[in-house]
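These notes are about the structure you will find just below.
No lab work stands behind these numbers, since they all come straight from the coordinates. Small disclaimer: the values here were computed from a predicted structure and weren't measured. Positions of Cβ are backbone-derived with ideal geometry, glycine not excepted, and every protein chain shown enters the neighbour counts.
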Amino acid sequence: MTQEYIRQLAVKFLNGTASEEEKEILHKWYDSLNPDVSETETVFTRDPDTANEMKERMLANMKALQQPVRKTPDFTLIKRLVSWSTAVAALVIAGFIFWTNQHKTAETGIRLVQAPLGKTLKVTLPDGSFIWLNAGSSLTYPHSFSGKTREVVLKEGQAFFDVKHMTDKPFIVHAKTLNITVLGTSFDVKAYHNDPDIKVTVKTGKVGVTMRDNPERPALMLLPAEQAVVPEKSAEIHVTEISKPAIAPWKDNRMVFEDELLSEVFRVLERKYRQQIKIEKPELTTEKITLTLDDQPIGDVLKVLGFSKKFNYSQLNDSTIVIK
């Protein structure tokens with residue numbers, strides 16, 4: 001007796017179309033099961049029932065099975081009913097979970113991509129657009145852009161977007177408190193959890209920035225070489241100009257800092273070199289620096305910074321550096 005045959009009988013039973021002979025076959029099969037076995041079968045219904053319809057129909061069959069057929073106790077029948085109740089309960093659970101998972105997959109179809117610390121990652125989207133993820137970043141996007149918009153979520157970190165132009169299908173990036181909308185352009189979004197500001201920098205084209213909690217507010221339009229800076233706990237958007245070499249140099253394995261806080265520079269170094277940097281001179285965090293670096297070892301980088309900002313450093317262990 002194959003599992004497929006048993007599955008077909010179970011479907012017929014749940015649909016109320018099983019004959020007495022087929023019910024008896026199922027009786028014998030369930031009675032032969034080891035009660036300690038926890039594996040369940042998935043039952044496929046003929047019609048695409050809703051979750052509630054499936055539960056109600058299965059539970060109705062369970063109740064029908066549990067109705068007594070005579071007043072005189074029949075311990076064999078009671079044992080069988082208990083076995084049937086357990087089996088049908090398993091079918092209810094398995095069927096419901098299957099339905100939920102299938103519909104959840106169909107409704108979401110979301111992919112998650114993550115760039116580990118110390119590495120960058122290039123992603124090709126279903127529409128032909130490209131995304132570069134900086135170290136320690138993660139992003140979700142659908143398997144296909146089937147609606148009126150193309151939407152992705154920058155869950156953490158920094159990403160550079162080179163978006164394929166589609167006039168009738170805007171591209172939207174959700175990042176922390178911002179929604180960034182374009183038709184086709186290239187721009188950088190920086191939104192790490194431990195950074196105090198969200199930054200959107202335009203390389204080519206035009207980018208619209210809106211606050212997620214204030215959708216009625218008109219979008220702030222950014223042009224090339226403009227950067228929007230939004231403190232995470234503020235609704236104000238500040239716009240500054242930035243040189244093109246300072247726009248997403250990280251994707252080419254370079255670091256360009258223009259009048260940047262030293263505390264931010266240290267955070268960048270932590271992610272790039274997979275190090276924890278402890279600062280024992282608090283006054284350094286408010287210092288600013290302008291600096292361009294290639295892919296030098298972190299020791300060389302810290303020597304340059306130390307000479308410029310007058311600090312020393314020591315390697316505490318394989319993953320921790322102390323600035324003093």
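Quick look at the numbers
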| read-out | value |
| --- | --- |
| Packing-based order for 242-249, 199-206, using average beta carbon neighbours within 10 Å, highest first | 199-206, 242-249 |
| Label point distance in nm, Asp300-Leu261, each placed 7 Å from Cα along Cα→Cβ | 2.9 |
| Simple spin-label estimate for Lys309 and Thr286 in nanometres, 7 Å along Cα-Cβ | 1.4 |
| Restraint check, Lys122/Lys272; Lys278/Lys310; Lys233/Lys278, Cα-Cα greater than 18 Å | Lys233/Lys278 |
| Coordinate range along principal axes, alpha carbons of the stretch 172-324, Å, largest first | 51, 29, 24 |
| Dimensions in Å of the stretch 97-255 - Rg and Dmax from alpha carbons | 15.7, 54 |
| Bins of 5 Å from zero: percent of alpha-carbon pairs in the stretch 235-324 | 3, 12, 24, 25, 18, 10, 6, 2, 0 |
